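Structure first, commentary second.
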Amino acid sequence: MTEKAKQTGGEISIRHAKKSFRMEGRTLEVLGDIDLTIDAGDIVSIIGASGCGKSTLLRLIAGLDFPDEGEVRIGGKKVEKPSVDVGVLFQESRLLPWDTTEKNIAFGLPEKFPRDQKKKLVAEYMRLVGLDGFEKALPSQLSGGMQKRVAIARTLINRPEVLLLDEPFGALDAFTRMNLQEEVIRIWKQERMTTVLVTHDIDEAIYMGNKVIIMSAKPGVISKVIRVELPEPRIRTSGDFALLRARVFREFYGEQELPEEYSI
């Protein structure tokens, strides 16, 4: 995933962003001083322990929440509200159970979008995610992986400059998860939107990202950024992959004892 062909996404610039919440009469500092740049058209992964602020950081980029201090910019423009230029894919597919596949995908388009163009776009994105033939299927008639494909198509149909993925494959079985990882990578190579993946899965982070961003907690800060410089295509069982996995685990665990299986 390292080729630098067209770069259609927007650069994400986060400068000295801090975020805290009030809980039970006390202030909980969730994000410390976050200073991070994600290049236009790049695909990166963010990992960290539960509670380190990964999802909060994604919400700041999406304009679903705002920093107490500092700022977030996309393509040079300050993020002040949600935008169709930023697509967000959550762990739950969040499909409308009473609507068909094509209607769920079309839901991502503005209400006043011309009907003929809408039909054409929906068909295009159904092909993009491999859902031809399932136009009239309800979510209950689709597998978990197919529901996720519907959610991906719905998120992409507005051609966002930035795609944010918040643990999108966490509830899926291993084989479906790997297939969808490949699907997102294929779409990223084709569309070249700036893509940020939040995950607990270190293998997934390495396989999908050109960089692995490691966060530490209390408050959440960027502790390390590791470039993924692996031969293409990436092979999960290769020695190079195992060595990089061991390095990420060492950085992730810090001074803690590294599990024996990662003590390469």
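Taken over the range 48-63, residues that are modelled with pLDDT of 95 or more and either assigned to a loop (DSSP other than H, G, I, E, B) or aliphatic (A, V, I, L, M) (or both) amount to 6.
Does L96 fit the bill of being under 22 Å from V150 (Cβ atoms), exposed (fewer than 14 other Cβ atoms within 10 Å of the Cβ) and not β-branched (V, I, T)? The answer is yes for L96.
Would you kindly identify the helices (runs of 4 or more DSSP H) lying entirely within the range 65-161 that contain at least 1 residues that are under 29 Å from G53 (Cβ atoms)?
144-156
Considering each residue of the range 207-245, count those that are out of contact with any Ser or Thr (no Cβ under 6 Å at 6 or more places or on another chain) and closer than 19 Å to C52 by Cα, and give that number. Qualifying residue count, the range 207-245: 12.
I'd like to know if the range 76-92 contains one or more residues that are surrounded by 15 or more Cβ atoms within 10 Å (Cβ to Cβ), farther than 22 Å from L128 by Cβ and among the basic types (K, R).
no
Selection over the range 41-75 of residues that are buried (at least 20 other Cβ atoms within 10 Å of the Cβ) and acidic (D, E) gives a count of 1. P139 passes every criterion in (1) modelled with pLDDT of 95 or more; (2) assigned by TED's automatic domain parsing to the domain that holds A242 apart from (2). Mind listing whichever residues of the range 162-181 are hydrophobic (A, V, I, L, M, F, W, C) and outside any strand (DSSP E or B)? Across the range 162-181, the qualifying residues are F169, A171, L172, A174, F175, M178, L180.
The values are calculated or read from the model by the stated rules, or taken from the named source; none is laboratory data. Keep in mind the model is a prediction, meaning the values are calculated, not measured. Don't worry about glycine lacking a Cβ; one is built from the backbone with ideal geometry, like all the others, and counts go over all protein chains shown.
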